[in-house]
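> Submitted below is the structure of interest, expressed as structure tokens.
Just so it is clear, none of the values below were taken in a lab; they were calculated from the coordinates. From a predicted model like this one, the values you see are computed outputs, not experimental measurements. Virtual Cβ from ideal backbone geometry, glycine too; neighbours counted across all protein chains shown.
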Amino acid sequence: MTQRLTPTTALMLTLPPLLWAGNAVVGRLVSGLIPPMTLNFLRWALAFVILLPLAYKVLRPGSAIGPHWKRLALLGLFGVGCYNALQYLALQTSSPLNVTLVASSIPVWMLAVGTLCFGQRVSRQQLAGALLSMTGVLVVLSRGQWALLTQVRLVPGDIYVLLATLAWAFYSWLLSQPKEPPELRKDWAAFLMAQIVFGLGWSGFFAASEWALTDAHISWGWPLVTALLYVAVGPAVIAYRCWGVGVQRVGPAIAGFFSNLTPLFAALLSAAFLGELPHLYHALAFVLIVGGIVVSSRR
């Protein structure tokens, strides 16, 4: 049963978009150093090592993984194997504007997947919240100049982002349908480790296919090592922990609106790296996005 959105839960759902914005920036920076599928695999392999001291019991014979392997395999496919791999792949061919624009449709896909596949009813408040929130995203993407949006042209990378948003919508809705035993659900490290175990199988298969079918190579160095540590600790372990708890508290439909904070944070981080100060449209976008969250979560 979902709960009312509290300040603590709102903060917990705000942290993942911030970390994921940094993940997008880092993924773009290292796109020439490592193939996208391999980056995703190494990211989760490091996350596995980080969680091992906290969740090694879940790997023992007779643990809760066995009876629920089909469901955990789906969570591992959508959340670990596909979502970030498709985003990293998109950054190889698509512009940041296009990638962020397509990714901003996550709340809409959350509502669509919930309605079509999970019997979720969409309220007028949620639709109004989606409109407000996506308007805020468009303000950021257009930098306050709506004419820039007419210059957007879809490329293969945009399709990859669309597939990533669908994968994330299914992942979030599966999270909101708890079927695992309470001892596994309550232990966040064990629950995430259970997903990573299966996700490493999927991501390993995708990475192996990448090396077999393309001219893949890795340019090792401190920039790449630092990037791998960041994407493993922040966007993987910490963000997934916060997102999982937030989704279980308020449901994926409301949580999905917080994902629209990602392009706002990405714009601010990009501005910081480029030495540009935030503009008035950033503040306007923030008000619209947060307004969409508030409207959609009201009862």
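> Using only alpha-carbon positions, what ratio does the radius of gyration of region 118-275 give when scaled by 2.2 N^0.38 Å? Write down the numbers at each step before the final one.
Numbers: Rg = 18.7 Å, N = 158, 2.2 N^0.38 = 15.1 Å.
Rg over 2.2 N^0.38 Å, computed on Cα atoms: 1.24.
> When N is the residue count of the chain, what does its C-alpha Rg come to as a fraction of 2.2 N^0.38 Å?
Ratio of Rg to 2.2 N^0.38 Å for the chain: 0.97.
> Taking the Cα centre of the chain as origin, sum charge times position over the Cβ atoms of Lys and Arg (+1) and Asp and Glu (-1), and report the length of that vector in debye to the nearest 20.
It comes to approximately 900 debye.
> Could you give the Stokes-Einstein D for region 204-267 in µm² per second, using the C-alpha Kirkwood radius, 20 °C, 1.002 mPa s? Don't skip to the end; give the middle numbers.
Working: Rh = 14.7 Å.
Estimated diffusion coefficient is 145 µm²/s.
> In region 187-299, how does Rg compare with the Kirkwood Rh, expressed as the Rg/Rh ratio over alpha carbon atoms? Mind showing how you got there, number by number?
Values: Rg = 18.5 Å, Rh = 17.5 Å.
Rg divided by Rh gives 1.06.
> If you don't mind, another one. Which trypsin sites (Lys or Arg not before Pro) in region 167-263 sit in a loop by DSSP (not H, G, I, E or B) and have at most 12 other Cβ atoms within 10 Å of their own Cβ? Spell out each step's value before the answer.
On the way: sites: Lys179, Arg185, Lys186, Arg241, Arg249; in loops: Lys179.
Sparse-neighbourhood loop trypsin sites (Lys or Arg not before Pro): Lys179.
> Restricting to Cα pairs below 8 Å that are 6+ residues apart, what does the relative contact order work out to for the chain? Please round to a whole percent.
Values: 420 pairs, mean separation 125.8, N = 299.
It comes to 42 percent, rounded to a whole number.
> Please report, ordered by residue number, every helix of the chain (full DSSP H runs) that is 24 Å or longer along its axis going by C-alpha atoms and whose mean Kyte-Doolittle hydropathy reaches 1.0. Show your work: numbers first, answer last.
On the way: long enough: 7-29 (33 Å, 0.95); 36-55 (28 Å, 1.58); 124-142 (27 Å, 1.18); 156-175 (29 Å, 1.23); 188-213 (36 Å, 1.21); 280-297 (26 Å, 2.04).
Once both thresholds are applied, what remains is 36-55, 124-142, 156-175, 188-213, 280-297.
> Which of Cys117, Cys242 has the fewest other C-beta atoms within 10 Å, and how do the rest follow up to the most? Each step should come with its number before you reach the end.
Details: Cys117 12, Cys242 20.
Neighbour counts put them in this order, fewest first: Cys117, Cys242.
> While we're here: Straight-line reach only, C-alpha to C-alpha below 18 angstrom: list the lysines that Lys57 could link to, leaving out same-chain residues fewer than 8 apart.
Within reach: Lys186.
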